[in-house]
Amino acid sequence: MLLLYNFGISLYNLLLHLVSFFNPKAKLFIDGRKNIFELIARKTNADCKHIWFHFASLGEFEQGRPVLEELKKLYPDKPIVMTFFSPSGFEIRKNYPLAEAVYYLPLDTHRNAETFLRLINPEIAIFTKYEFWYHYFKVLKANKVPLLLISGIFRPDQIFFKWYGRFQRNILKNVTHFFVQNQESKSLLNNLGIDAVSISGDTRFDRVAEQAASPQQFVQIDEFKGNAKIFIAGSTWPQDEELIAFLQQRAQDWKFIIAPHEIHESHIKQLSALFPDALHYTKLNENTDLQAAKVLIIDTIGLLSSAYQYGDISYIGGGFGAGIHNTLEAAAFGSPVIFGPKYQKFQEAKDLLTIGAAKSVSGKDDLFAAFEILQKDQQAGKKAASYVKQHTGSTLQIINMIKKLI
């Protein structure tokens, strides 16, 4: 099975090189890993112990960020190395000030794992939610470096719990301690004979609660909102945006803010065709009549998590694709949320539906019906905010374990 795994990694590398000629993300993935070990050797002192955080992408970074920031407060002299698998995380956070260095994670081969770990010399490794790399995990264990998985979540349909998942199960056994989000995850791991498991919840609750307590302020969005009700749609994809365009035509007394997941030129043009009178955030100036505008497109990154503070109702994109994006950022501000049908992998989405703070929709009529219900429901937003507040505290539990290991 190891031979097949190694072949899969090599094949993946080859395919990415081929795709990189016409796919910008694949090109970033490949280019970012060129001469990676020479870069690490120049920037990182291998004689110094480091705390290593690895994140798959930007979402996992935000999930693990409360732990990282709390650790830096407690141990300001301990240098932190961050790695990302995906360009969408690395490109946005490559200059993160609390990390001594931020790198792409070299692909998972035995040689890469040994070289990387020798160069960064970790005293502890912290992975967030998922990504289980055979060689990295094996070399960490061989070098007696504690490995934590935080905010983990497991489901019965994952390969670890199938009769043919022995190889993947063995990867899990290299983890020193699992911090998982729910009882089901703990039970699944316990059934594999893995007992070093704690239910800590999801660190994202700590992060979004912190954001909601001191959000970034936007003077232009304040002026755009005025006294109007705001429907904000975040991390949207084309199918989401078609539904929102339908709703916007039927809710003329509301203003709409749309922050698409992809902000490349062709998508913004597509979005502009749906909302021809929309303002674009990057083109606002002192002469823009913000009060008269009905739709504002956020065509830049880094604003959405704080922009949810303006939403009276929030729509979370991705539910017609691979799965919904972050519902908690909006919920933390006391905004009820709407999302598409693919939410089953997200415990918080199911919880928000259960308590009446969210609606799932499958089409235009569903969206309009959900909008009609939530704009009249004075308790839905309060329930959302309360739900977030009740689930904070995961970071402290994880930090207490880390203190024992470093």
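The values are calculated or read from the model by the stated rules, or taken from the named source; none is laboratory data. All values derive from a computational prediction rather than experimental measurement. Glycine gets a Cβ as well: all are built from the backbone with ideal geometry, and neighbour counts include every protein chain shown.
Annotations
- Within segment 1-25, residues that are farther than 21 Å from residue 57 by Cα have Cβ atoms under 8 Å from residues that are assigned to a helix (DSSP H, G or I) and among the aromatic types (Phe, Trp, Tyr) in these pairs: 1/167; 2/134; 2/167; 5/134; 5/167, counting only partners at least 6 apart in sequence or on another chain.
- Here the helices (runs of 4 or more DSSP H) wholly within segment 360-406 that include at least 1 residues being assigned by TED's automatic domain parsing to the domain that holds residue 309 and among the acidic types (Asp, Glu) are 364-376.
- Annotation note: of 268, 244, the sole residue that is closer than 15 Å to residue 371 by Cα and either modelled with pLDDT of 95 or more or assigned by TED's automatic domain parsing to the domain that holds residue 360 (or both) is 244.
- So residue 212, is it of a type in the set (Gly, Ala, Ser), in a helix (DSSP H, G or I) and either surrounded by 20 or more Cβ atoms within 10 Å (Cβ to Cβ) or at positive phi (or both): yes
- One residue stands out among those in segment 62-93 that are within 22 Å of residue 327 (Cα to Cα) and of a type in the set (S, T, N, Q): the one that is nearest to the chain's Cα centre (by Cα), which is 63.
- Being surrounded by 10 or more Cβ atoms within 10 Å (Cβ to Cβ), aliphatic (A, V, I, L, M), outside the structural domain of residue 100 (by TED's automatic domain parsing) and within 30 Å of residue 169 (Cα to Cα) is a property that does not hold for residue 18.
- Residue in segment 324-342 that is under 23 Å from residue 221 (Cα atoms), among the acidic types (Asp, Glu) and over 20 Å from the mean Cα position of the chain (by Cα) present: no
- If you go through segment 105-137 and keep only what is part of a helix (DSSP H, G or I) and surrounded by 18 or more Cβ atoms within 10 Å (Cβ to Cβ), you end up with 112, 113, 116, 117, 119, 120, 134, 135, 136, 137.
- Of all residues in segment 310-324 being in contact (Cβ under 8 Å) with a residue 24 or more places away in the chain and more than 13 Å from residue 232 (Cβ to Cβ), the one that is surrounded by the most Cβ atoms within 10 Å (Cβ to Cβ): 319
- One residue from 174, 170 being part of a loop (DSSP other than H, G, I, E, B), at pLDDT 95 or above, more than 22 Å from residue 394 (Cβ to Cβ) and not acidic (Asp, Glu): 174
- The residue pairs whose first member lies in segment 123-143 and is on the phi > 0 side of the Ramachandran plot, whose second member is surrounded by 18 or more Cβ atoms within 10 Å (Cβ to Cβ) and assigned to a strand (DSSP E or B), and whose beta carbons are closer than 7 Å, counting only pairs six or more residues apart or on different chains, are 129/151; 129/152; 131/54.
- Considered as a group, the residues in segment 83-113 that are in contact with an Asp or Glu (Cβ under 9 Å, 6 or more places away or on another chain) and free of Cβ contacts under 8 Å to residues at least 40 places away in the same chain include one that is farthest from residue 42 (Cα to Cα), and that residue is 89.
- The one condition in (1) outside any helix (DSSP H, G or I); (2) out of contact with any strand residue (DSSP E or B) (no Cβ under 7 Å at 6 or more places or on another chain) that residue 96 fails to fulfil: (2)
- Check on residue 330, in a helix (DSSP H, G or I) and farther than 18 Å from residue 151 by Cβ: yes
- Taking every residue in segment 47-72 that is over 14 Å from residue 208 (Cβ atoms) and modelled with pLDDT under 95 and pairing it with any residue that is part of a helix (DSSP H, G or I) and aromatic (Phe, Trp, Tyr), at least 6 positions away or on another chain, the pairs with Cβ-Cβ distances below 9 Å are 57/90; 58/90.
Residues are listed down the side, and each one gets a yes or a no for (1) more than 20 Å from residue 59 (Cβ to Cβ); (2) hydroxyl-bearing (Ser, Thr, Tyr); (3) in contact with a Leu (Cβ under 7 Å, 6 or more places away or on another chain):
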residue: 211; (1), (2), (3): no, no, no
residue: 219; (1), (2), (3): yes, no, no
residue: 236; (1), (2), (3): no, yes, no
residue: 241; (1), (2), (3): yes, no, yes
residue: 247; (1), (2), (3): yes, no, yes
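- Within segment 185-204, if we keep just the residues that are modelled with pLDDT of 95 or more and part of a helix (DSSP H, G or I), the residue that is surrounded by the most Cβ atoms within 10 Å (Cβ to Cβ) turns out to be 189.
- Any chance residue 369 is buried (at least 22 other Cβ atoms within 10 Å of the Cβ), of a type in the set (A, V, I, L, M) and over 30 Å from residue 74 (Cβ atoms): no
- Complete set of residues in segment 171-184 that are buried (at least 16 other Cβ atoms within 10 Å of the Cβ) and farther than 30 Å from residue 330 by Cα: 171, 172, 174, 175, 176, 177
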